[in-house]
Structures are given as structure tokens and as C-alpha cells.
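The block underneath contains the structure these notes are about, expressed in C-alpha cells.
The values are calculated or read from the model by the stated rules, or taken from the named source; none is laboratory data. These figures come from a predicted structure and were not determined experimentally. Cβ sites come from the backbone with ideal geometry, for glycine too, and all protein chains shown count toward neighbours.
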Amino acid sequence: MSTPAIEPRLRVGLIGAGWVTQHHLAGWQAIADRAEVVAIADPNLDQAHRRAEAFNITHVFASAEAMFDRMTLDAVDIAAPRETHAQLVRLAASRGVAVMCQKPLAPTYDEAVQVVADVAGQTRLMVHENWRFRQYYRDLGTWLAEGRIGRVLQAEMTLFTSGLVPDDKGLLPALERQPFIGTLDRALVMEILIHHIDTLRYLLGDLSLQYARLGHASEAMRGEDRAAICFETAQGAPVLLMANLRVHGRAAAQSDRLTLIGERGTIELEGMTLRCLGEQAATLQYDAPTTYLGSYAAAIAHFVDGLDRGTPFETNPEDNLQTLSLVEAIYARGGSATEQS
């Protein structure tokens, strides 16, 4: 495999200047002694220049091709729309540049399989799945590895928000924050729950899909805005994932909620509080902004560690394809949003 020579300070190019890139760039700044974003590329030059000014990026380009032609890069961070991911991964790989690509690798599982096959052996590739790098999930994973609650017998994760309920100004908070979600054919599962599915796999191992039902209630959404999904672990434990973005009485912002019931105890995550109940009781509290931004920094640091040490990425293409396979199966079994309105 041909990989770029890694200097003491990695030279990184960012592709994309949308909403999420502010968090990517803050993550790169957190390891400024090891890496520097030296260029940004986006067709929206005004937005790209705003990002460049805010984060002291010297070079701005209207296209990834122009950036690769003009810059010598060690790695690229792809945070552009999902429809462009496969093309951009192939482009970076053809230049021998290491790639970190925002999830998903492609809009469908089959397309993702193809791009992974196309770039195999050309460069290092990691999927940016920062959710599992949130500190409370890392601590939870440690508790499970220590056997604090024994074998997991049941699990439930929920995401209920009022993000698609009009606020006092008649606005929909979820779409004010990320307007593009309303335009997606594959919305809630592919854009949001993909994080939760990946995190459940990180914590519980291989999952198989047992049941899925998708639904659609908001006229502002093109794709699904509710889902009921049941997985099963390799040990036969049921894992329920429920989500709805149009729940009256819930907060508009997303909040992680997870319950794991084990043989000897229970682990509960609710918002910023993680508890272990039973023989080895413990409670940990987290700061929301620190945890959220820290997950980007931790994912990016993991990418740089993998390049520096030649070690595998947690969210390597093969691992991420397992998550995408579950997502694809949910759409196949759950029905379209319009069918379940």
C-alpha cells in the first residue's frame, strides 16, 4: 500500500465548509502540535473563506481537484455532502493521500462496498464516526469490559425530540439547525440513527436486525422522521432502538438515553449522567459542550494516531460497512417513509 510520508506535523486539507466543519476544525485545533489544516475546498467560496478566516487557514479553493493540484497534503478530511463522498474518497486515494471521511461513505450500502473495493491498497481510509468517541460511551465501554454488570440481557436506546414541533415562532428547531435534513429521502436513519447503530455495535458487538418500522409525520420532511428498530446481539440479547423527531413535550435538542440490563447490574445513560447500578455502583457526570466537541477531537486524534503508528482504525471501512449493512436492512424491512405516513 502506498501511503504519504508523515512529517512531524501533518498537513491536512478539509473538503467542505458546511455547518459540521466548525466542529471538525475545532477538533484539528485540539491537536495543533501534531497536525495543521492548511487548506479548505468548497464550491461556496464565501462560506469557505469564512471558515478559513475563523480558523486561520491559509489556502482556499473552489474544488477538491484544485486543492490537490496546488497543495502537498498528507491527509484529507472529507466533510462534504454524502452524495460526493465516494467520488472524493477515490480522488484522494488516487493522489495517495490518507483519508478521513464523514459518515456515511456513500448514500447506499452497495455504493459504499464499491468505493471500499476501488481504493483498497491505495491509501489509509477511516470513516469519521465521532459518536462512539463521546467520553461517556468510552467510560461505558470500559465498565462493560470490566464485567461490572455481567452479560447484557436487554438494551434500549431512545431518541425522542420536539425538533419537528413548531416553536413559539413557528420554526422547526431541527431544520433551523440543519436545513438539509428535510430534503433527504433517507433522513432519520441514515443521517442520525446511523450514529446510534454504530455506537451500539461498539458497545455490544455484532448485531442482527430482527424488526424495523419507519414512519413519516412532518410535512417539512421528505424522508422518515420516526423509527422503531429491534436488533439482537450475538448472545441473543434484544436491543431496541426507538426514535421520533416530532414528540410534544420533549426538548428540541438531541439527548442520549441508553439502558443496559445485565446479569448483575444495570447501566443507565441519561443526558450527561452515566450510572452503574448494582454490585459496583458508580455515577459519572459530564459537561455537554466539552463532551460534544471532545468527540470530534478524539476521533481526529484516533485518525492521526493510526497514521503515525500504522495501527488499525476503529471505524475502518470494513467495520463501517457492517453499520451500513444494518442501515440498508432497516430501509429494506422498514418500508419507505411515505408508505408509513
Any hit, segment 209-218, residues being surrounded by fewer than 20 Cβ atoms within 10 Å (Cβ to Cβ) and within 18 Å of Trp131 (Cα to Cα): no
Identity of the residue in segment 223-236, touching a residue at least 60 places away in the same chain (Cβ under 8 Å) and of a type outside the set (Gly, Ala, Ser), that ends up surrounded by the fewest Cβ atoms within 10 Å (Cβ to Cβ): Gln235
Residue that is small (Gly, Ala, Ser) and either in contact with a Ser or Thr (Cβ under 6 Å, 6 or more places away or on another chain) or over 11 Å from Cys101 (Cα atoms) (or both), where the choices are Ala80, Ala75, Ala54, Ala86: Ala54
Enumeration of residues in segment 52-110 that are in contact with an Asp or Glu (Cβ under 7 Å, 6 or more places away or on another chain) and hydroxyl-bearing (Ser, Thr, Tyr): Thr108, Tyr109
Close pairs (7 angstrom Cβ cut-off, 6 or more residues apart or separate chains): within 13 Å of Ser218 (Cα to Cα) and in the same structural domain as Glu219 (by TED's automatic domain parsing) in segment 152-168, charged (D, E, K, R) and buried (at least 20 other Cβ atoms within 10 Å of the Cβ) anywhere: Leu164/Asp225; Leu164/Arg246; Val165/Arg246
Qualifying positions in segment 181-223 - assigned to a helix (DSSP H, G or I) and of a type in the set (A, V, I, L, M): Ile181, Leu188, Val189, Met190, Ile192, Leu193, Ile194, Ile197, Leu200, Leu203, Leu204
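Residue-wise test of (1) within 22 Å of the chain's Cα centre (by Cα); (2) among the hydrophobic types (A, V, I, L, M, F, W, C); (3) within 28 Å of Thr233 (Cα to Cα).
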| residue | (1), (2), (3) |
| --- | --- |
| Thr84 | yes, no, no |
| Arg90 | yes, no, no |
| Pro107 | yes, no, yes |
| Met126 | yes, yes, yes |
| Trp131 | yes, yes, yes |
| Gln135 | yes, no, yes |
Any hit, segment 270-289, residues being farther than 21 Å from Asn130 by Cβ and buried (at least 18 other Cβ atoms within 10 Å of the Cβ): yes
Identity of the residue in segment 181-200, buried (at least 22 other Cβ atoms within 10 Å of the Cβ) and of a type in the set (D, E, K, R), that ends up modelled with the lowest pLDDT: Arg186
Residue that is surrounded by the fewest Cβ atoms within 10 Å (Cβ to Cβ) [pool: residues in segment 305-332 that are over 15 Å from Ile197 (Cα atoms) and among the polar types (S, T, N, Q)]: Thr311
Ile261 closer than 22 Å to Arg134 by Cα, buried (at least 16 other Cβ atoms within 10 Å of the Cβ), in contact with a Ser or Thr (Cβ under 9 Å, 6 or more places away or on another chain) and of a type in the set (Val, Ile, Thr): no
Test: residue in segment 56-72 that is acidic (Asp, Glu) and at pLDDT 95 or above: yes
Enumerated helices (runs of 4 or more DSSP H) restricted to segment 21-115, each holding at least 1 residues that are buried (at least 16 other Cβ atoms within 10 Å of the Cβ) and free of Cβ contacts under 8 Å to residues at least 40 places away in the same chain: 21-30, 45-54, 85-94
Residues being surrounded by 22 or more Cβ atoms within 10 Å (Cβ to Cβ) and part of a helix (DSSP H, G or I) - total across segment 162-180: 1
Matching residues, segment 139-151, being touching a residue at least 24 places away in the same chain (Cβ under 8 Å) and assigned to a helix (DSSP H, G or I): Asp139, Leu140, Gly141, Trp143, Leu144
Entirely in segment 264-322, the strands (runs of 3 or more DSSP E) that have 1 or more residues that are modelled with pLDDT of 95 or more and of a type in the set (D, E, K, R): 265-270, 273-278
Checklist (1) out of contact with any strand residue (DSSP E or B) (no Cβ under 9 Å at 6 or more places or on another chain); (2) crowded, with 20+ Cβ neighbours inside 10 Å applied to Ala145, failing item: (2)
